[in-house]
Amino acid sequence: MELHFEELLKQITDFIKTEAKTETVVGEQFQLGEFKCVPVIKVGMGFGSGGGEGVDGKVRKGEGLGAGAGVGIEPIGFLVTKGEEISFLEAGKAHGLAAAFEKVPDLIERIATKKQKEKETA
């Protein structure tokens, strides 16, 4: 029995490259008034393998191989841009992704207030 670890690792890595994208985890970037919001994710991976063989007297011979992998994908926040300004809006574990969305009404209110002031001064 032969384990082609390099080939297996390449296939797993290729799969992660195609599947572990921000668009598949939290969605695509979006425009909110003058603000451009880009979701950000964190990806972690771990791999392990092992094998062995043995002979019991002259009759039995055994081999064993094993491999395992784990992947963790987590949304961590948004990059928010307006003109030349850029900031990171964190969606930490303590608050969850909902914390980012809780700030959306404030952004909308700021945009509306600014538009109203522009109309009044024009």
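For the range 24-72, filtered to residues that are of a type in the set (D, E, K, R) and surrounded by 10 or more Cβ atoms within 10 Å (Cβ to Cβ), the residue that is nearest to Lys114 (Cα to Cα) is Glu34. Taken over the range 31-50, the criterion of being in contact (Cβ under 8 Å) with a residue 24 or more places away in the chain, over 30 Å from Ile111 (Cβ atoms) and touching a Gly at 6+ places or on another chain (Cβ under 6 Å) is satisfied by Gly44, Gly46.
Can you say whether Val55 is part of a strand (DSSP E or B), of a type in the set (Val, Ile, Thr), over 30 Å from Ile111 (Cα atoms) and within 12 Å of the chain's Cα centre (by Cα), as far as the supplied structure shows? It is false that Val55 is part of a strand (DSSP E or B), of a type in the set (Val, Ile, Thr), over 30 Å from Ile111 (Cα atoms) and within 12 Å of the chain's Cα centre (by Cα). Considering only residues in the range 73-122 that are surrounded by 11 or more Cβ atoms within 10 Å (Cβ to Cβ), among the acidic types (Asp, Glu) and at pLDDT 80 or above, the one that is nearest to Val43 (Cα to Cα) turns out to be Glu74.
The values are calculated or read from the model by the stated rules, or taken from the named source; none is laboratory data. This structure is a prediction, so every number in the text was calculated from the model and none was measured. Note that each Cβ is placed from the backbone with ideal geometry, even for glycine, and that neighbours are counted across all protein chains shown.
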